[in-house]
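Chemist: One structure is given below, represented as structure tokens, and several questions about it will come after.
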Amino acid sequence: MKAPLSWILDHVDVPAGTTTEEITDRLTLTGLKLEAIESPGRDITGPLVVGRVLTMEPEPQKNGKTINWCTVDVGDANGTGEPQGIVCGAHNFEPGDLVVTVLPGGVLPGGFAIGARKTYGHLSAGMICSAAELGLGDDHDGIIVLPADAGAPGEDVRPLLGLDEETIEFEINPDRAYALSIRGIAREVLVSVEGASSFRDPVLRDTPPADDAGHPVVVEDAEGCPVFVARRVSGFDPTAPTPDFMVRRITAAGMRPISLAVDVTNYVMLETGRPIHGYDADKVRGAIVVRRARDGERLKTLDGTERSLDPGDLVVTDDSGIIGLGGVMGGETTEISDSTTSVLVEAAHWDAVSMFRTGRRHRITSEAGKRNERGVDPTVCEAAADRVVELLVEHGGGQADPGVTVVGTAPTMPVIEVPGDLAARVSGMSITEEQSIACLRAVGCDVAGSATLAVTPPPWRPDLTDAQDFSEEVIRLVGYDKVPSVLPTPPSGRGLTRSQQLRRRAGRTLAGEGFVEVVNFPFVGVADLDALGLTADDPRRDLLQLSNPLSAEAGFMTSTLLPGILRAAGRNVGHGTTDVAIFETGTVTLPRHSGPAAILPVDRRPTEEEFAALDAALPAQPLHLAVVAVGDAVAGGWWGEPRPVVWSDAVEAVRSVAAALGLEVTASSVELAPWHPGRCAELSVEGEVIGHAGEVHPTVCKAFGLPKRTVAAEVDLDLLIARSVHLRQAPSFSSYPVAKEDVALVVDASVPAADVESALREGAGELLESIRLFDVFTGDQVGEGKKSLAYALRFRAPDRTLKEGEAAAARDAAVALAAERTGAVQRA
Amino acid sequence: MSGPNTDYDPVEVTPLKADQVEAMREAALAAIAAAPDLDALKQVRIDHAGDRSPIALANREIGALPPQARKDAGQRIGQARGAINQALAARQVVLEAEHEERMLAEETVDVSLPTTRRRPGGRHPITLQSELIADLFVAMGYEVAEGPVVEAEWLNFDALNLGPDHPARTMQDTFWTEPADHHVVLRTQTSPVQARTMLTRKPPIYVVCPGRVFRTDEYDATHSPMFHQVEGLVVDEGITMAHLKGTLDHFASQLFGDGITTRFRPSYFPFTEPSAEVDVKCFVCRGVESDACRTCRGEGWIEWGGCGVVNPRVLVACGVDPEVYSGFAFGMGIDRSFMFRHNLEDLRPLFEGDVRFSSAFGTEI
Ligand SMILES: [Zn+2]
């Protein structure tokens, strides 16, 4: 809400010398937060004065334009008292007119500095200004001609044009809808600013009594429209201009001046908070009927949009059909135009919930709707309509018709029981009951009783419904800044959960391994999954769809972190970072196709079953971990050659995390997008698949702007954490000597090393302490389609020194089992 | 002189004569002293103390002497050999030390060479900021509560006193999911975690919930469709606004520095009543001579978040008896807190994944 300060001060007095900042500081502390103080003349500096045009000589130019060479009397403002010579391109004035003159040294909005300059063969010393040049709207039809009695040449023109007017912009919270009006803000000034007094309520006026002579109105839905007031002004001059003060105030408040009739309704809305609608009375056919719309009805609203209406919409109709969407927007057929001479003024109170629903349904945001859906004082309809009639008559030359239609009565406010000590209990301050009562009365409440107060909120406060609401009113007037600072004493906590600790540990482990964490949006599109090369039946194609995504290309919640992290890696490479190792942890969304999630009652706790059903209706959202690496894993330098990233770096990253959680990962070959078909590891812990790692398919690399040999992994971190070893057993070591045996085995190239190792392990028996694959090679010595695996085995007994030949026998047993299981042949 | 003693004289054996032995000893000692290095000394040892050295050969002749002469000759030879061995050992020590000194000198490296083989990793600053905040509250005895980001509409709105026709619902531009009648949203705030906490724990409740939230805001320097919040919830007997103020003052001083306090301004949130906006005193200018301060734009205070006393309606919907318990709740933007704490003016680097950004913060902030 933007409110011109002069308008506010028309309705309340503040002590002399109170600055605008003092007022806004206080209002901010009591709940109307200052957004900005604006002044239209803020960007104008230097001499801007009244000038009287003494002479003007039109001079046609070669370019076809005609300029006027003028002399202008600017009094003593130019220091000499001599007329000022100014070239002016406008023609809408004549000698004798008073104009707005900016003299050399002045600066206009946009940093436009004025000097004396040679132009069109004259020395032009200053400028005669248009409204647009002063930042007062975009009217370019010539310069401003001031009224003949505006002032003497040389006088500062700012006060005359309202350029020194300050406008305060407030942030208005939903519970302070009354402050969407000068009336409401002036009332806040009264209760907030020390020494403020003499509140002059703009709706406190004598209104003519209702009679039967007014325009006939029938309200069929009294719940939707409890009060409907209709007044009429006839003989109105449609060409009558809107007075300057009104244009300035409406403009300052952020609305566009349109015509006197429309501007008056807006002006009264801003002043009283009550939205008003004006109809061209000659276009209204017969009685007005207010009702709910019927299925299939349509209306073309003032904004030119054809709307199909919902049975929940409140409509205003006449004999011709629907003429307006009640409280939200009028229709085109009865719109006020530049030939309107009779205005039918509607001031009606509308049900706020209906207003909210209609606004949302039709996506209409209007100044009227904004107020109606937040709740307006229902008692001010007659006064607001009367104020509109008064202004139309005063400035438009019409007459008020004697008929006054008033249908319905304003709903009464409920009486609410409020414990007298509630504000004290809620705030932790020592607020007495007397203080509470005084504060409540200050904001307009009617208070009776003691200990338990019977409080009736004022009609402009529909937000005050619960006892606790009144405590806020008391505490904000006592002062939020007076609330003491006291630390509560929580019971002993249990610290982070194990899962929370382990998630941190996973991140620290990867950072220690040289990976940098990234955070990506979880939105994904089908094209992203195509880019990953997922098959048509890949379960990761089952996505939760967003109804209102920001972009059609990313209309789903992702089921995998890979598109986001691959794209992030691609951006890094694009920025010239050739060696990139990144990781991300985040939840993915896996639809369960259950639901719906019920809208439960709020007047009681849900049952355990209801609460469990809510959770069951949501998609699974496991926490995933993904890594991507590209470029060199180890940089080259004086120590040697660089070591490029290879598929196993992705596996190792996962193994590091698993090891940090006390888990061992096994890997086996699998074909899965987006990985290289021959370089993808399915990773398992204790037989359960936890994810995949390996080299990314070259086509996928290309799609994400990454070089070939990029590697990636994605695992379910929740699964890892669930299996993490909590209490690790203390190890015991044998102090007897170790016996070492090496074996080299030749197997088919297709045999997984992991199978060979597990056969060796099993065959070696209990004496085996450790086994390590220390070499893998292929080539002529091994034979086509074969590979050689060299293992170092260490044997040791816990309780004795091994006997001669004991280790060799265990080794032979190991080799024998490997031969049996995998066809391994020991190399000589 | 090998072979049998053909020149047999039981009394006189030439090599055993005192002057002969003395000459051997002198020759050996001179050779030892002259040996320039360990290799040379090795040769000297062979030549003058080895099995075929003159003195070793002379020693063999002792048996040829008559018994009365053997003792003298033996003594003479023994003393000479002792002196030679001693000199060898001493020279060995000296030469070894010289050798080691020379070797170490040769192994000198340039320790100023670069040593970084692998680029350092780092954690995301928002992760670090979330953990730091969580730790501040855990230190006070709070626990960290969590919940899903794809959330039931009822938990995100209705349970928090945001009914279907509440105007405040339009203040939070919500991502809805299909099918629309399933009432599932991307949570617009971390508050549903508060509802979940009250539904699953008995008071006293002291929790913080950091997490991701979503709004349909176009992505620009100050808006993001995904951002991070931390909310706190306390439900206990006798909880007041003063406890809220005390907690946030403590939080502010822990996060931004000693002496940094908060200011409350009346506001509106459906789940709290009374409600307040929280401003934190500018930790750069501390509100003194703030006109030129970029962090607070000259106001001396920085908008930090929202808070209030838990609305009794919310307690009822979440199964807490408002006659017995009261509570407070607060919520702050983690990204926002990070931005002004670390002087970041555009939030987009947080979500671009540029390793140059995150790695600047290492693993702790
Ligand atoms: Zn500052």
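The values are calculated or read from the model by the stated rules, or taken from the named source; none is laboratory data. Every value quoted in this text rests on a predicted model; they were computed, and no experiment measured them. Heads up, the Cβs are rebuilt from the backbone with ideal geometry, glycines too, and the neighbour counts pull from every protein chain shown. We work out accessible area using only protein heavy atoms, side chains counted, and drop any ligands, DNA or RNA first. Shrake-Rupley method; radii C 1.70, N 1.55, O 1.52, S 1.80 Å.
Rundown of residues vs (1) within 14 Å of chain B (Cβ to nearest Cβ); (2) at negative phi; (3) open to solvent by 40 Å² or more (accessible area, probe 1.4 Å); (4) touching a helix residue (DSSP H, G or I) at 6+ places or on another chain (Cβ under 8 Å), yes/no style:
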| site | (1), (2), (3), (4) |
| --- | --- |
| A:Thr317 | no, yes, no, no |
| A:Gly330 | no, yes, no, no |
| A:Thr341 | no, yes, yes, yes |
| A:Gly359 | yes, yes, no, yes |
| A:Arg363 | yes, no, yes, no |
| A:Val380 | no, yes, no, yes |
| A:Val389 | no, yes, no, no |
| A:His395 | no, yes, yes, yes |
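Chemist: While we're on this one: Please indicate, with yes or no, whether at least one residue in the range A:225-233 is in contact (Cβ under 8 Å) with a residue 12 or more places away in the chain, of a type in the set (A, V, I, L, M, F, W, C) and open to solvent by 30 Å² or more (accessible area, probe 1.4 Å). Step through it out loud before you land on a result.
Modeler: Taking the range A:225-233 as the starting set, the residues that turn out to be in contact (Cβ under 8 Å) with a residue 12 or more places away in the chain are A:225-233.
Going one step further and asking which of them are of a type in the set (A, V, I, L, M, F, W, C), we end up with A:225, A:227-230, A:233.
Filter once more, keeping what is open to solvent by 30 Å² or more (accessible area, probe 1.4 Å): none.
Looking for residues that are in contact (Cβ under 8 Å) with a residue 12 or more places away in the chain, of a type in the set (A, V, I, L, M, F, W, C) and open to solvent by 30 Å² or more (accessible area, probe 1.4 Å), one finds none in the range A:225-233, hence no.
Chemist: Under 32 Å from the mean Cα position of the chain (by Cα), open to solvent by 20 Å² or more (accessible area, probe 1.4 Å) and over 24 Å from B:Met226 (Cα atoms): which single residue out of A:Leu464, A:Leu543, A:Leu496, A:Leu487 fits that description?
Modeler: A:Leu496
Chemist: Next question. Counting only residues that are of a type in the set (Gly, Ala, Ser) and within 7 Å of another protein chain (Cβ to nearest Cβ), which one in the range A:467-490 is nearest to A:Asn173 (Cα to Cα)? Please lay out each step first, then the result.
Modeler: Of the residues in the range A:467-490, the ones of a type in the set (Gly, Ala, Ser) are A:467, A:471, A:479, A:485.
Remaining after also requiring within 7 Å of another protein chain (Cβ to nearest Cβ): A:471, A:485.
Details: A:Ser471: 17, A:Ser485: 25 Å.
Result: A:Ser471.
Chemist: Still on this structure, please answer the following. Search the range B:271-327 for residues being more than 13 Å from chain A (Cβ to nearest Cβ) and not in a loop (DSSP other than H, G, I, E, B), and hand back the single one that is farthest from the ligand (Cβ to nearest atom).
Modeler: Ranking the qualifying residues of the range B:271-327, first place goes to B:Gly305.
Chemist: Here's another thing I want to ask about it. With the requirement that a residue be under 52 Å from the mean Cα position of the chain (by Cα) and surrounded by fewer than 17 Cβ atoms within 10 Å (Cβ to Cβ), what does the range A:67-94 give you?
Modeler: Within the range A:67-94, A:Gly89, A:His91, A:Asn92 qualify.
Chemist: Follow-up question, since we're still on this one. Filter the range A:235-288 down to the residues that are under 20 Å from A:Ala383 (Cβ atoms) and basic (Lys, Arg) and list them by number.
Modeler: The answer is A:Arg249, A:Arg274.
Chemist: If I filter the range A:247-267 for residues that are assigned to a strand (DSSP E or B) and not β-branched (Val, Ile, Thr), do I get at least one hit?
Modeler: Here is the first cut: in the range A:247-267, the residues assigned to a strand (DSSP E or B) are none.
No; the residues of the range A:247-267 include none that is assigned to a strand (DSSP E or B) and not β-branched (Val, Ile, Thr).
Chemist: What number of residues within the range B:314-362 satisfy the criterion of being acidic (Asp, Glu), in contact (Cβ under 8 Å) with a residue 60 or more places away in the chain and open to solvent by 30 Å² or more (accessible area, probe 1.4 Å)? Working first, answer last.
Modeler: Here is the first cut: in the range B:314-362, the residues acidic (Asp, Glu) are B:321, B:323, B:335, B:345-346, B:352, B:354.
Next cut, in contact (Cβ under 8 Å) with a residue 60 or more places away in the chain only: B:335, B:345-346.
With open to solvent by 30 Å² or more (accessible area, probe 1.4 Å) added as a condition, the list becomes B:345-346.
Adding up the residues that qualify gives 2.
Chemist: Right, B:Arg263: open to solvent by 20 Å² or more (accessible area, probe 1.4 Å), in the same structural domain as B:Ile239 (by TED's automatic domain parsing), within 11 Å of the ligand (Cβ to nearest atom) and not β-branched (Val, Ile, Thr) or not? Steps first, please.
Modeler: Details: open to solvent by 20 Å² or more (accessible area, probe 1.4 Å): yes; in the same structural domain as B:Ile239 (by TED's automatic domain parsing): yes; within 11 Å of the ligand (Cβ to nearest atom): no; not β-branched (Val, Ile, Thr): yes.
So B:Arg263 does not fit the description; no.
Chemist: Could you say whether any residue in the range B:214-228 is modelled with pLDDT of 95 or more, over 34 Å from the mean Cα position of the chain (by Cα) and away from the ligand (no atom under 16 Å from the Cβ)?
Modeler: Looking for residues that are modelled with pLDDT of 95 or more, over 34 Å from the mean Cα position of the chain (by Cα) and away from the ligand (no atom under 16 Å from the Cβ), one finds none in the range B:214-228, hence no.
Chemist: Continuing with the same structure: Among the numbered criteria (1) more than 24 Å from B:Arg102 (Cβ to Cβ); (2) out of contact with any helix residue (DSSP H, G or I) (no Cβ under 6 Å at 6 or more places or on another chain); (3) surrounded by 13 or more Cβ atoms within 10 Å (Cβ to Cβ), which one does B:Ile55 miss?
Modeler: That leaves (2) as the condition not met.
Chemist: Which is touching a residue at least 60 places away in the same chain (Cβ under 8 Å) and not in a loop (DSSP other than H, G, I, E, B), of B:Ala73, B:Ala69? It would help to see each step written out before you state the result.
Modeler: Working: B:Ala69 fails: touching a residue at least 60 places away in the same chain (Cβ under 8 Å).
The conditions single out B:Ala73.
Chemist: Let me ask something else. If you take just the strands (runs of 3 or more DSSP E) that sit entirely in the range A:96-200, which of them hold at least 1 residues that are more than 30 Å from A:Val474 (Cα to Cα) and touching a Phe, Trp or Tyr at 6+ places or on another chain (Cβ under 7 Å)? Steps first, please.
Modeler: Details: elements: A:98-102, A:116-119, A:122-125, A:167-171.
Once the strands (runs of 3 or more DSSP E) in the range A:96-200 are filtered for at least 1 residues that are more than 30 Å from A:Val474 (Cα to Cα) and touching a Phe, Trp or Tyr at 6+ places or on another chain (Cβ under 7 Å), what remains is A:98-102, A:122-125.
Chemist: Something else about it: Take the residues of the range A:599-620 that are touching a residue at least 12 places away in the same chain (Cβ under 8 Å) and more than 7 Å from every other protein chain (Cβ to nearest Cβ): which is least open to solvent (accessible area, probe 1.4 Å)?
Modeler: Looking at the filtered set, the residue picked out is A:Ala620.
Chemist: Right, another one. Give the number of residues within the range A:726-782 that are assigned to a loop (DSSP other than H, G, I, E, B) and of a type outside the set (A, V, I, L, M). Lay out the reasoning, then the answer.
Modeler: First, pick out the residues of the range A:726-782 that are assigned to a loop (DSSP other than H, G, I, E, B): A:726-738, A:749-752, A:778-782.
After this cut, where a residue has to be of a type outside the set (A, V, I, L, M) as well, the list is A:726, A:728-729, A:731-737, A:750, A:752, A:778-781.
Qualifying residue count, the range A:726-782: 16.
Chemist: Taking the range A:500-513, which residues are open to solvent by less than 40 Å² (accessible area, probe 1.4 Å) and farther than 21 Å from B:Pro120 by Cα?
Modeler: Within the range A:500-513, A:Gln500, A:Leu502 qualify.
Chemist: Could you please give the count of residues in the range A:509-560 that are touching a helix residue (DSSP H, G or I) at 6+ places or on another chain (Cβ under 7 Å) and at the interface with another protein chain (Cβ under 10 Å from one of its Cβ atoms)?
Modeler: Total meeting the criteria: 12.
Chemist: Which members of the range B:129-159 meet the condition of being in a helix (DSSP H, G or I), buried (at least 20 other Cβ atoms within 10 Å of the Cβ) and facing chain A (nearest Cβ under 9 Å)? Give the steps one after another, and end with the answer.
Modeler: First, pick out the residues of the range B:129-159 that are in a helix (DSSP H, G or I): B:129-140, B:153-156, B:158-159.
Keeping just the survivors that are buried (at least 20 other Cβ atoms within 10 Å of the Cβ) gives B:129-131, B:133-134, B:137, B:153-156, B:158-159.
Answer for the range B:129-159, where residues must be in a helix (DSSP H, G or I), buried (at least 20 other Cβ atoms within 10 Å of the Cβ) and facing chain A (nearest Cβ under 9 Å): B:Glu131, B:Ala134, B:Phe137, B:Glu153, B:Trp154, B:Leu155, B:Asp158, B:Ala159.
This table checks each residue for (1) at pLDDT 85 or above; (2) touching a helix residue (DSSP H, G or I) at 6+ places or on another chain (Cβ under 7 Å); (3) among the aliphatic types (A, V, I, L, M).
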site: A:Ala3; (1), (2), (3): yes, yes, yes
site: A:Ile8; (1), (2), (3): yes, yes, yes
site: A:Val12; (1), (2), (3): yes, yes, yes
site: A:Gly17; (1), (2), (3): yes, no, no
site: A:Asp25; (1), (2), (3): yes, no, no
site: A:Gly31; (1), (2), (3): yes, yes, no
site: A:Val49; (1), (2), (3): yes, no, yes
site: A:Val53; (1), (2), (3): yes, no, yes
site: A:Glu57; (1), (2), (3): yes, no, no
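Chemist: Shifting gears a bit: In contact with a strand residue (DSSP E or B) (Cβ under 9 Å, 6 or more places away or on another chain) and β-branched (Val, Ile, Thr): which single residue out of B:Val280, B:Val324 fits that description? Let's see the steps before the verdict.
Modeler: Working: B:Val324 fails: in contact with a strand residue (DSSP E or B) (Cβ under 9 Å, 6 or more places away or on another chain).
Just one listed residue meets the conditions, B:Val280.
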